[in-house]
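Please read the structure below before turning to the comments.
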Amino acid sequence: MSEQALEPTRRRLTAKQADTVDRLSRAALDLLRREGFSGLTVRRVAAEAEVGAATAYTYFASKEHLVAEVFWRRLSAAPPVVHESDDPATRVSEVLRHIALLVIDEPAFAGAVTHAMLGRDPDVEVLRLRIGRDIRSRLAAALGPDVDEDVIESLEMLYSGALVRAGMGLTSYDEIAGRLEKSARLMLR
């Protein structure tokens, strides 16, 4: 993972600043587990991390920005899936499952990611583009050479649609991985 991948959207970090961002990230996850997304604020996260609110706001413009950053760090730290199958549908299913599993054990975080990614904060937009490029790259690698852009776009819509459905409570986050796999296989027949 490159140093740029770990940089928050707002600035380059010294070692001390990176530690502060890590503390804020851990505190945000703890607060999400206890209070959910509605109970999360940058000020509360700062208090949990024993960081001044003004300091926290130098790194994160909003709670949506903070949650999107935590997800981006988790995604960029996840190594690409090692594919053993020659079947593109199997490889794509492995990628979609791998990405879904990044949040599946933490329903409060998963729900917060869905809400955060829909935010209008300019810093969230930057992260949304980074995350989208990363997922697109993983899907393209799974599909192999001669990638059809329409297929990749449809798979991206499948993934984002699944997150929105779960965020709306229409399906559980536990069910997402299996549903993504089934839908990808239908799409790639």
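The values are calculated or read from the model by the stated rules, or taken from the named source; none is laboratory data. The structure displayed is predicted, hence computed values, not measured ones. All Cβ positions, glycine included, derive from the backbone under ideal geometry; neighbour counts span all protein chains shown. Heavy atoms of the whole protein, side chains included, go into the accessibility calculation; ligands, DNA and RNA do not. Shrake-Rupley method; radii C 1.70, N 1.55, O 1.52, S 1.80 Å.
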Margin query: Sort MET117, MET168 by heavy-atom solvent-accessible area, probe 1.4 angstrom, most to least.
Written below: MET168, MET117
Notebook entry, point to check: Which Cα, out of ALA162, ILE135, SER38, lies furthest along the positive dipole direction of the chain (beta carbon charges, K/R +1, D/E -1)?
Noted result: SER38
Item checked: Farthest toward positive dipole pole in region 65-122 [+1 Lys/Arg, -1 Asp/Glu at C-beta], among ALA89, LEU101, GLY111 -> GLY111
Next item on the list: Enumerate the amide H contacts of GLY52 below 5 Å, restricted to partners 5 or more residues apart or on another chain; note that Pro and chain-start residues carry no placed amide H.
Entry: none
Checklist line | 0 to 90° range, to nearest 10: angle between helix 63-77 axis and the chain longest Cα axis | finding: 50 degrees
Check: Mind checking the dipole of the chain: about its Cα centre, +1 per Lys or Arg Cβ, -1 per Asp or Glu Cβ, Debye to the nearest 20?
Finding: 580 debye
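Once you charge only the Cβ atoms, +1 for Lys and Arg and -1 for Asp and Glu, what is the size of the charge dipole of region 1-111 about its Cα centre, to the nearest 20 debye?
560 debye
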Next item on the list: Mind computing the radius of gyration and Dmax over the alpha-carbon atoms of the chain? Å is fine for both.
Entry: 17.1, 54
Check: What number, in percent, do you get for the relative contact order of region 1-121 if the mean sequence gap of Cα pairs under 8 Å and at least 6 apart is divided by its residue count?
Finding: 31 percent
Next item on the list: Using a cut-off of 9 Å between beta-carbons, work out the net charge of the residues near SER25 (Lys and Arg +1, Asp and Glu -1, SER25 not included).
Entry: +1
Notebook entry, point to check: Given charges of +1 on the Cβ of Lys and Arg and -1 on the Cβ of Asp and Glu, with all other atoms neutral, how large is the dipole of region 82-124 about its Cα centre, in debye to the nearest 20?
Noted result: 180 debye
Margin query: At 1.4 Å probe radius, can you tell me the per residue accessible area of the chain in Å²?
Written below: 52 Å²
Check: Once the Cα atoms of helix 107-117 and of the chain are each reduced to a long axis, what angle between those two axes, in degrees from 0 to 90 to the nearest 10, is obtained?
Finding: 90 degrees
Item checked: Phi to ³J(HN,Hα) by Karplus 6.51 cos²θ - 1.76 cosθ + 1.60 over region 147-164, Hz, x for Gly, Pro -> 5, 8, 4, 5, 5, 4, 4, 5, 5, 5, 5, 4, 5, 5, x, 5, 5, 5
Checklist line | Between 0 and 90°, nearest 10: helix 122-143 axis offset from the chain longest Cα axis | finding: 30 degrees
Notebook entry, point to check: When the accessible area of region 1-113 is computed with all protein chains present and a 1.4 Å probe, what percentage of it is carbon and sulfur?
Noted result: 50 percent
